[in-house]
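Just below is one structure, and these are the notes that go with it.
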Amino acid sequence: MTSQSSSSSVQHDEKNNISNDQNAISTNLSENIRTVVSRRGDRRIQVVTSTNQQLALEELGYKQELIRSYTWYEMFGVCFSIMGLMPSIGSTSYQAFSSGASSATWGWLAGSVGILTIGVALAEIGSSFPTASAIYLATWNWSPPKYRNLISYAVGFTDTVSLSASVCSITSGCASQIFSCIQLYKPDFEVTNGKTYGLYAGLIIFVAIFGSMSSSINAKIQNLSSITNIFVLLLVFIALPAKTHSNNIPFNDAKFIFTNVEKVDTNWPSGWFWLINAFQPAVWTIGAFDAAIHMQEESIPKERIPGRPVLLDPAASPASFGIISSITACGLLGWLMMIVLCACMGPSIINVVNTSYDQPITQIFMYSMGKKWTVAIMSLMAWSSLLMAQSCLLSTSRQFWAMARDYGIPTKRGSEFFAKVWHNQPINSMIGSSALSLVLGLMMFGGDACSAALFSLSICGMYMAIIVPIILRLTYARKDFSPGTFYLGSFWSPFISWCAVAFMGWMIFIVCVPLTYGNQLDKNSMNYTVVIGPGFTLLAMIHYVLYQHKFYKGPHSNLTDDELIELMGEDGIDNIISNHEKYAIEK
């Protein structure tokens, strides 16, 4: 079949609609071969019915520029590595324990359930749009035509910044763990903002170098990271209770673990302070799980039956499996770890939270295990944090690259530069995302309040980005959603998605609340997330209206008609059209 006959076939389909409300295939093969016209008119939606994800990517109009090296368990490794249970629990140990042991245990469990609903909703979207740009691509497809460019650009911009903030918070947490190890041997060692940023910058450059290596090497690094995280977790599970017992230190009882409520360094009422802190450790730890979405163009999927979703097949939907399985694993294992920590931490929450060490978890280890064991475990946690940062920067660079490919990076030249791929690696985007993380890291010179905002921005920004396509799918585009390889059905899918929207709305509000109020609230205790989070989204909208609208028009195909035919083959295009007709009849 020639390009001309392909267009004729598509035009013939447009003139002979299968039913009155049936959608017609667009005539532009290179840009819209799988883009169909909505019942509302010229607004376009996406229906993925191809037999594999690489074909689906080409149907979306994108070249396969990256190498598919990630199996389903390596996609799990990407998410599980970024979550990094022990290092993340260490980095959030102040929030975990400052409102009591019950906050650490029940808050983690409840937060994990809420996060799982978000993961399921996001996994469905990712399977429908198997590309690195899935989040803002879905937003563009499901938004009102007049505003879809603006809305999708703001979503893509916010998601990119939030991922970079995740890199910042993980890497600065790694720096804190390294300094905690130093303080164990040199108690008079002073940690300054300059020292922290210097180490932070060095770590960013280090992981960027490794992230620029081949996909096969980075896939193996994800396996190493998963193994390391599991090893550290098992080590603490075994060693902490064993050393607590051998040192004749009494364990805290179940009443303390599950009912203890405190309020440290705050004037909020105990109940409200509990709500502010309870969910944040789980939400920050089990975060950035959209990383699997941004790595989709490098996953290795198996062939599947067109138009037939499955519940959760790891091989058919590697990204969806990676998201859901990693959230589930971290939710359960993290809850058990919180119970162990609360049992071994001693009777005084105040002594743990107000420790002289950089992280309260260091105080727990010192109390139960002594200096040598603490240094050993904290060193392993720092190494795990470094692997976490590498995984997070890897996925951030893919989102950065996807935005550049669609002319979403400020200035046309900037987009073209960062979209360039060298030896099947988006090295320029790795440089760009690393530079963005270095710039955001400068916030730590603003003091503890600004540093805390980096942690919160990774939550607030991510949720502000992904809540938009989920709401659009449930409301404006509810009749236009076409399931991908993972779908829970017409009842459970929207029900879980609405639960996800409610939980994200609650968390966006919570992470913006300061830890004190009234006379105690000053520039050092202010929560700047309320300014920084929405501020970046507003900045994106202003930039789009004033300048970027000249270049960003939504998803931008980088395939010509001839390239599409060459990549997919004439039989592939025939299959697209026949699969679409068959799928439309079945609907």
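The values are calculated or read from the model by the stated rules, or taken from the named source; none is laboratory data. Keep in mind that what you see is a predicted model, and the values were worked out from it rather than measured. Here the Cβ is made from the backbone with ideal geometry for all residues, glycine too, and neighbour counts use every protein chain on show.
Between 38, 26, 30, 99, the distinction of being over 22 Å from the mean Cα position of the chain (by Cα) and modelled with pLDDT of 90 or more belongs to 99 only. Has the range 500-519 got at least one residue that is β-branched (Val, Ile, Thr), crowded, with 18+ Cβ neighbours inside 10 Å, touching a residue at least 12 places away in the same chain (Cβ under 8 Å) and in contact with a Cys (Cβ under 6 Å, 6 or more places away or on another chain)? Scanning the range 500-519 turns up at least one residue that is β-branched (Val, Ile, Thr), crowded, with 18+ Cβ neighbours inside 10 Å, touching a residue at least 12 places away in the same chain (Cβ under 8 Å) and in contact with a Cys (Cβ under 6 Å, 6 or more places away or on another chain).
Table: residues versus (1) surrounded by 24 or more Cβ atoms within 10 Å (Cβ to Cβ); (2) in a helix (DSSP H, G or I).
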{"position": "144", "(1), (2)": "no, no"}
{"position": "149", "(1), (2)": "no, yes"}
{"position": "157", "(1), (2)": "yes, yes"}
{"position": "160", "(1), (2)": "yes, yes"}
{"position": "171", "(1), (2)": "yes, yes"}
{"position": "174", "(1), (2)": "yes, yes"}
{"position": "178", "(1), (2)": "no, yes"}
{"position": "190", "(1), (2)": "no, no"}
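Taking every residue in the range 81-106 that is farther than 27 Å from residue 267 by Cβ and pairing it with any residue that is of a type in the set (Phe, Trp, Tyr), at least 6 positions away or on another chain, the pairs with Cβ-Cβ distances below 8 Å are 82/289; 83/289; 88/284. Which members of the range 468-486 meet the condition of being modelled with pLDDT of 85 or more and of a type in the set (Asp, Glu)? If the condition is that a residue be modelled with pLDDT of 85 or more and of a type in the set (Asp, Glu), then no residue fits. Close Cβ contacts (under 9 Å, 6 or more residues apart or on different chains) running from residues in the range 537-554 that are farther than 10 Å from residue 410 by Cβ and modelled with pLDDT under 95 to residues that are surrounded by fewer than 19 Cβ atoms within 10 Å (Cβ to Cβ) and charged (D, E, K, R) comprise 550/412. From 488, 474, grab the single residue that is surrounded by fewer than 23 Cβ atoms within 10 Å (Cβ to Cβ) and without any contact (Cβ under 8 Å) to a residue 60 or more places away in the chain. Just a single option satisfies the conditions, and that option is 474. Can you tell me which residue within the range 192-245, out of those that are not hydrophobic (A, V, I, L, M, F, W, C) and not in a helix (DSSP H, G or I), is farthest from the chain's Cα centre (by Cα)? Out of the qualifying residues, it is 192.
Checking 259, 266 one by one, the residue that is in contact with a helix residue (DSSP H, G or I) (Cβ under 8 Å, 6 or more places away or on another chain), surrounded by fewer than 22 Cβ atoms within 10 Å (Cβ to Cβ), at pLDDT 90 or above and not aromatic (Phe, Trp, Tyr) is 259 and no other. Can you tell me which condition residue 400 does not meet? The list is (1) closer than 30 Å to residue 101 by Cα; (2) crowded, with 23+ Cβ neighbours inside 10 Å; (3) under 25 Å from the mean Cα position of the chain (by Cα), and all the others hold. The one condition residue 400 does not meet is (1). When the residues of the range 293-338 are filtered to those that are of a type in the set (A, V, I, L, M) and at pLDDT below 90, which remaining residue is surrounded by the fewest Cβ atoms within 10 Å (Cβ to Cβ)? Among them, the one singled out is 311.
When residue 479 is tested against (1) in contact with a helix residue (DSSP H, G or I) (Cβ under 9 Å, 6 or more places away or on another chain); (2) under 29 Å from residue 149 (Cβ atoms), just one condition goes unmet, and that condition is (1). For residue 355, the stated conditions hold: it is out of contact with any Leu (no Cβ under 8 Å at 6 or more places or on another chain) and either closer than 17 Å to residue 116 by Cβ or free of Cβ contacts under 8 Å to residues at least 24 places away in the same chain (or both). Within the set 143, 214, 164, 180, the sole residue that is in contact with an Asp or Glu (Cβ under 7 Å, 6 or more places away or on another chain) and of a type outside the set (D, E, K, R) turns out to be 180. Could we say that residue 134 is farther than 29 Å from residue 174 by Cα and either modelled with pLDDT of 95 or more or touching a His at 6+ places or on another chain (Cβ under 7 Å) (or both) here? Taking the combined requirement at face value, the residue does not satisfy it.
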